[in-house]
Amino acid sequence: AQSVAQPEDQVNVAEGNPLTVKCTYSVSGNPYLFWYVQYPNRGLQFLLKYITGDNLVKGSYGFEAEFNKSQTSFHLKKPSALVSDSALYFCAVSLNRDDKIIFGKGTRLHILP
Amino acid sequence: DAGITQSPRYKITETGRQVTLMCHQTWSHSYMFWYRQDLGHGLRLIYYSAAADITDKGEVPDGYVVSRSKTENFPLTLESATRSQTSVYFCASSHNRVSYSNQPQHFGDGTRLSIL
């Protein structure tokens with residue numbers, strides 16, 4: 001069965017510093033990987049996805065993610081954090097021809113001014 | 001405006017009552033989903049639908065019923081609410097299978113349900 005893990009419940013980063021939110025996955029096949037962000041009292045918003053091709057995927061709001069097949073990871077990154085990046089981030093995985101996405105438990109990102 | 005709306009945004013009810021959460025989308029998306037969000041569990045899929053009159057169970061379907069008579073609506077019913085069903089419920093839609101879409105899923109803003 002496919003699964004996704006976010007090993008950190010919370011990540012704290014100073015404003016202006018680079019940030020990384022970690023995600024690892026387990027699937028039997030080629031994964032489709034996603035990152036979503038959730039702001040307070042709102043639904044999830046799509047940030048970026050990896051299907052195939054370049055291992056570095058660029059998304060919304062200056063975020064990017066690196067797919068690493070050997071380490072089965074898909075970490076979310078941003079070169080310079082903003083206070084407004086503070087939110088809950090979800091990694092998710094799906095398989096080709098699958099109808100649904102499996103979400104991780106989420107990582108709360110705090111950007112400190 | 002086009003979008004996905006959930007109603008009500010907040011609901012308080014008592015154990016044993018029936019409660020229905022509504023979800024409406026204006027994109028004519030084929031797929032619709034219901035999730036619950038709980039601390040420590042992230043998002044868990046309750047039910048989903050690939051098209052009108054086609055529904056399927058997700059990870060945590062027990063105690064819930066869904067229907068999809070029209071493409072744009074996907075109501076979720078708790079037939080006899082229990083305290084363990086206190087949660088935030090999110091509806092989502094997508095045009096196609098998530099692996100085929102550029103925008104995999106669009107989410108509503110959720111319904112916060114408290115069962116006393």
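Just so it is clear, none of the values below were taken in a lab; they were calculated from the coordinates. Just so we're clear, the structure is a prediction, and the values are computed from it rather than from any experiment. Virtual Cβ from ideal backbone geometry, glycine too; neighbours counted across all protein chains shown.
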| task | For region B:25-34, take each phi angle, set θ = phi - 60°, evaluate the Karplus expression 6.51 cos²θ - 1.76 cosθ + 1.60, and give the result in whole Hz per residue in order, putting x for glycine and proline. | result | 10, 9, 8, 6, 5, 6, 9, 9, 9, 10
| request: Only residues of region A:1-18 count here: report those whose backbone N is under 20 Å from the spot 7 Å along Cα→Cβ of A:SER28, or say none. | output: A:1-5
| For region B:34-93 versus region A:54-113, the gap between their alpha-carbon centres in whole angstrom | 25
| field | Other protein chain Cβ atoms within 10 Å, averaged over every residue that makes up A:47-53 | value | 1
| Contact order normalised by residue count of chain B, Cα under 8 Å, 6+ apart, percent | 34
| field | Equivalent ellipsoid semi-axes, chain A, via Cα gyration tensor eigenvalues times 5, rooted, Å | value | 23, 14, 12
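Report the net charge of residues surrounding A:ASP9, where surrounding means a beta-carbon distance below 9 angstrom and charges are Lys +1, Arg +1, Asp -1, Glu -1. Please report the intermediate quantities before stating the final value.
Numbers: positive: A:LYS105, A:ARG108; negative: A:GLU8.
That works out to +1.
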| said: Going by amide H atoms built from the backbone, whose H comes under 5 Å of the H on B:ARG68, apart from near neighbours? | reply: B:ASP53
| remark: 1/(1 + (r/R0)^6) with r = Cβ-Cβ of B:ASP56 and B:THR15, R0 = 30 Å, i.e. FRET efficiency to nearest 0.05, evaluates to 0.60
| request: Over the alpha-carbon set of chain B, divide Rg by the Kirkwood Rh and report the Rg/Rh ratio to two decimals. | output: 0.95
